[in-house]
Structure formats: C-alpha cells, structure tokens
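Structure first, commentary second.
The values are calculated or read from the model by the stated rules, or taken from the named source; none is laboratory data. From a predicted model like this one, the values you see are computed outputs, not experimental measurements. Every residue, glycine as well, gets a Cβ built from its backbone with ideal geometry; the counts of neighbours run over all protein chains shown.
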Amino acid sequence: MKRFIFFLLFGISLSANSQDLTGIWRGNFKSENSRYLEAMGQESRYKIELQVDQHAKAFEGVTYSYLTTVFYGKATARGTVNPLTKKVFIEELKIVEVRMSGRSDACVMTYFLQYSKIGNEEFLEGTYTSMNTSDSSNCGRGRVFLRKVTSSDFYKEPFLLKKEAEKKPPVAKAEPAKPQPQPNTVTSKPPATTKPATKPAATKPATKPPVASKPVPKPAEPVVKSTPPAPVTTMPLQPKLDTIKKVEVKPRPVLPVPKAISGRDNEVVKTIYTSARKLIINIYDNGAIDNDTISVYHNRKLVLSKKRLTDRPLTVEIELSEEDDTHELVMVAENLGEIPPNTSLMVVNAGSKYYEVRITSTEQKNAVVVFRYDKTKP
C-alpha cells in the first residue's frame, strides 16, 4: 500500500549567540526500505517544505509533504531543542489538509535531527519514525535532509508574513502643517496730506534798486570708494605625464583547454551579473540520489574531480573584481548515474542574494554557468 507521509521539522541556532531560524525550509526524506518500495513501483522519496515559528527553545509551525504541489499533506507540529548538543526533537500534532492520489495513508511522524551550518547555509538532518493515523501501525522510518530557503512552493503562513512586516522600518508620519500667521486685516488710513499754503507774491518797493543775488556754491562731488581687486586664483601645476605612476594589472594566465571541455559541446545555461565580490557556490543532486558524478572546471582549472552528487553540497568559492570580472564554471558529467541524464542543483550565495540554477549535462554536452562582476547591480 502506498503510504503518504506528512511531517514538520524545526531549525534552531545552537550557539551562544542564539539565532532565530524562523522561516522556510525545504528538502526531502527517504525511507530506509527504498529499494523494496521502488521494486513495488512506489515512491521512496518525498519533498518537504516547512515553515517555522521559533520562540526560544520551543517551536511550532506547519509542514507540506508532497510529490507535487497538486497532491500534498499539511500538518501542524511542535518541538524542543537542546542548545548544548544541537539536537532537535519534533512530534507532529495534527494533519490539517490532505490531497491524496490513489490508495494512500496519512502518517504522523517523530524526528530526531541535528542542526549544522556551512558558510551562510543552514541544514537540518537526521532520522524519522512514523505511525499510521488510521490504525496506529508502523509507517516506516528513514533519513531526513533540509536546507533553509527564501521562497515557498505553496504560500507563506500568516506568522511569517507578520514577522516580515515587523522587520520593515516604520513609515514616518507626516507632521501636521503649522498654522500660518494671518495677515492683519485692519487697514490704517494714510496720513492726510496738506498742500503748503501759497504765499502772496512780494511786491518790490518802487524806489529801491534791485539787489544782486549771491553766487550759489557748487555741490561737492561724491567721493567714490575704490574696491580692492579680487584675488587671483592660480591653479596648481599639473604633474607631467611622465611623472604619473602607472599601475599595471597582470592578466589572468590563460590555461590550455582541457580535453573534457574541448571534446564536448559546451552550453551556457545561465549568466549571472552581480556586484558581490565573493561567491559561494554549492552543488547538490537535483533529484533522486543515483550516483551521478561530476567534475567542475573554473576558468579551465579543475577544482572538483569526479565527485559524487548527494544531498550534501559540493562547494566552490570565486573572487570577483573589476580587473577580473568574468568567470566560467563548467560542469562535466563523468557518468549519467542510474537515472540519466546527470542533473544537479547549483545554489549561488552572492552577498545578500541567492540564485538557483538547475543543470543537466551528458557525456556529449557540458553545462556552463558564467559569472560577471557589475558594480551597478544592487
């Protein structure tokens, strides 16, 4: 009988500086009887998405267990954490939504997990046991692996939306406009103007001769003050061209093209432009872990040789600069695994941004991802 599993996991920060890991986690769980189930034509690996709300050492939240987003189960759960051992115990409480296909049973699960952090990425992994909700029979046990992500395959729960809103800076309220002083409406009457009284014309005595008028002195010429001349600004002497020190940028040495690159087609699957100086690149198996093996070349230099893809990351670090602004990663399939083709998931940590690239390579074609430094990018 096909068994459909629902569960919830919780992440924690277990260092002295406790870190809130409230958010979204995604990964998968696999039954320890996977070969038997696959031989019977049943699924042995399911996807997981959980949304976590952390409160000190206690946890609550929801989880989605699914093969696709059409058929899934949603449950609530709670858990506790031991800060000293970095171990997490979780038990499911109630299945709140079920969309099943075929004959499937709902099972509640109990988890025994370990928290870890590699670079800026955080993980939860461990084991689970499960019980059928209809008859309390054993649903099996297996392994669990989770990685913290930023987006949901479904929708964000209200408690996450509330915490995101609380983190946003408050919008400053506009101060009310101050009342402006009103102009004085009382108009004063202009002073009355009186015309000077007209004096009567003086009559000259007839017997006296006219009196000679005194010369009127010339008005003094205005004194013109002279302004001092403006100071003359002189430009500093520019250095001669032959005295400027030239900084020579040594070009990156050009390596010969390896046979694994020259002997196959090379397809650019994505070009990423970023202003981040340092990139941390993690590569995982993108589907069932079926012994896919790859080699990775960085600018024609072999950095990972015949590494098996699993749910644990293979890590490559790259330094970008204006002088060395273009880098290429080439993924070479060393085999196609048990389920062709060779598929992988690349997660790029570029400062405050993350990029996901799904990669497919074959024995005839390599996959190329190009990184370009662009300081104008946010």
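Screening S344 against (1) assigned to a loop (DSSP other than H, G, I, E, B); (2) modelled with pLDDT under 90 leaves a single unmet condition, (1).
Residues checked against (1) under 26 Å from V257 (Cα atoms); (2) assigned by TED's automatic domain parsing to the domain that holds E121; (3) exposed (fewer than 15 other Cβ atoms within 10 Å of the Cβ):
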position	(1), (2), (3)
L314	yes, no, no
E319	yes, no, yes
D325	yes, no, yes
L329	yes, no, no
A333	yes, no, no
E338	no, no, yes
M346	yes, no, no
V369	yes, no, no
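Residues in the stretch 280-327 that are under 22 Å from the mean Cα position of the chain (by Cα), more than 22 Å from N120 (Cα to Cα) and in a strand (DSSP E or B): T326 alone.
Checked against the criterion of being among the hydroxyl-bearing types (S, T, Y), in contact (Cβ under 8 Å) with a residue 60 or more places away in the chain and under 22 Å from D265 (Cβ atoms), the candidates S344, S305 yield just one match: S344.
The listed residues are T63, T76, and the only one of them that is surrounded by fewer than 18 Cβ atoms within 10 Å (Cβ to Cβ), hydroxyl-bearing (S, T, Y) and at pLDDT 85 or above turns out to be T76.
Of all residues in the stretch 97-104, one or more are on the phi < 0 side of the Ramachandran plot, at pLDDT 80 or above and acidic (D, E). On the given criteria, is S321 at negative phi, free of Cβ contacts under 8 Å to residues at least 24 places away in the same chain and of a type in the set (S, T, N, Q)? So S321 fails the test. Could you tell me whether S152 is in the same structural domain as T63 (by TED's automatic domain parsing), assigned to a strand (DSSP E or B) and among the small types (G, A, S)? Taking the combined requirement at face value, the residue does not satisfy it.
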